[in-house]
Amino acid sequence: MLYRLVVYVRNMLFDLKVLPSESFELPVIAVGNITAGGTGKTPHVEYLAGLLHDRYRIALLSRGYGRRTKGFLPVSPGSEVAEVGDEPLQIKRKFPSVDVAVDRRRVSGIRKLTDVSPRIEAVILDDAYQHRYVTPRLSILLIDYNRPVFHDLLLPAGNLREPWKNVARADIIIITKCPEKLNSIDKARFISRLIRRSDQEIFFTRYAYGAPVPVFPGKKNKQKPLNYKSLRKADPGVLLVTAIADPGPLRSHLHGFVDVAGERSYTDHHRFSYRDLEEISMRYNNIRKKTKYIFVTEKDAVRLRELRIGDKRLRKAFYYIPVEVKFLSKGEKRFIRRIIKSLK
């Protein structure tokens, strides 16, 4: 009740314009959630970056969760996780042409971004649904299909950052991590509960996992991605190591191809230490199969690469599983039209 009161008063002060919210001539697309972690924000932000970076000069601004620095900081491919956080670094390395920066204070961060790169045409604001000091041109809210917000409770009793009826602020709602074959009854259930305005649109997406990619491919990229058909034939033992909010979908995916002989889950954004590496190595060595691997997520791979692993056999065992967002019910064209329209 105390948490609800604080959230209610804060949102009311913004609604009454007692607390300032700044708009920019530059189009700002805010992406966020009302659930504490695990809605698939990073893959969807990457999808947006991939969609727009060939059409516009875009920038991404994140607070850089878990970094040990303060203030505004541009992200380069050579940055370290401790400086900028794992997600901004992952996106910068994947899309070098996108201007990426971190700043907890988003208003000043957008201003500094435009000072550094005056030719920016649009800004993606990461994890910003509750950051109401910026009024975005378009607000995208992500909701996990497996954790419907209308069945959840506010923190600390549940996982909601604010009451679920505040989905009314969103222009676009995306239901993430859906099963590949989503029936019309389930769709109607989400639409009827969540749509609060006539101009809101709702979309449904799922994860599509790619072939495992070496975390440490070597200087000449000698190691190549694995093939799922070959994996199924070889029947290797796999140690699944994750430090994300919800490893469930990845675990389910792998069970269809390999024997997950062991699993070690850390908290989201966990900074891997050499002690962790010793534990991972011990669990890997305990797998009694001739062929074996250590599978991690792409976000975990960004942090693992900063460790110096002397054991070459262990280095070669690490592979990450790339993930992409796929729209269901032919929703992608409609989604793209809405995004492009907001930027014009």
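The values are calculated or read from the model by the stated rules, or taken from the named source; none is laboratory data. From a predicted model like this one, the values you see are computed outputs, not experimental measurements. As a convention, Cβ positions derive from the backbone with ideal geometry for all residues, glycine included, and neighbour counts pool all protein chains shown.
Brief remarks follow.
- Restricting region 265-289 to residues that are in a loop (DSSP other than H, G, I, E, B) and free of Cβ contacts under 8 Å to residues at least 40 places away in the same chain leaves a set whose member that is surrounded by the most Cβ atoms within 10 Å (Cβ to Cβ) is Phe272.
- Sole exception among (1) in a helix (DSSP H, G or I); (2) acidic (Asp, Glu); (3) modelled with pLDDT under 90 for Asp246, by number: (1)
- Selection status of Leu26, touching a residue at least 24 places away in the same chain (Cβ under 8 Å), outside any loop (DSSP other than H, G, I, E, B) and out of contact with any His (no Cβ under 8 Å at 6 or more places or on another chain): no
- Cβ-Cβ under 8 Å pairs, at least 6 apart or on other chains, region 292-318 side closer than 25 Å to Phe257 by Cβ, far side polar (S, T, N, Q) and in a helix (DSSP H, G or I): Glu298/Gln90; Lys299/Thr42; Lys299/Gln90; Val302/Gln90; Leu314/Ser281
- Matching option when the condition is surrounded by 17 or more Cβ atoms within 10 Å (Cβ to Cβ) and at negative phi, among Val81, Val6, Val18: Val81
- Restricting Leu48, Leu61 to those that are crowded, with 20+ Cβ neighbours inside 10 Å, within 21 Å of Arg303 (Cα to Cα) and not β-branched (Val, Ile, Thr) reduces the list to Leu61.
- Of the criteria (1) more than 19 Å from the chain's Cα centre (by Cα); (2) not assigned by TED's automatic domain parsing to the domain that holds Ile34, which one Gly248 fails: (1)
- Within region 149-181, restricting attention to residues that are surrounded by fewer than 17 Cβ atoms within 10 Å (Cβ to Cβ) and touching a residue at least 24 places away in the same chain (Cβ under 8 Å), the residue that is farthest from Lys330 (Cα to Cα) is Pro156.
- Unmet requirement for Tyr207, which otherwise passes all of (1) among the hydroxyl-bearing types (Ser, Thr, Tyr); (2) in a strand (DSSP E or B); (3) out of contact with any helix residue (DSSP H, G or I) (no Cβ under 7 Å at 6 or more places or on another chain): (3)
- Some residue of region 237-247 being without any contact (Cβ under 8 Å) to a residue 40 or more places away in the chain and not hydrophobic (A, V, I, L, M, F, W, C): no
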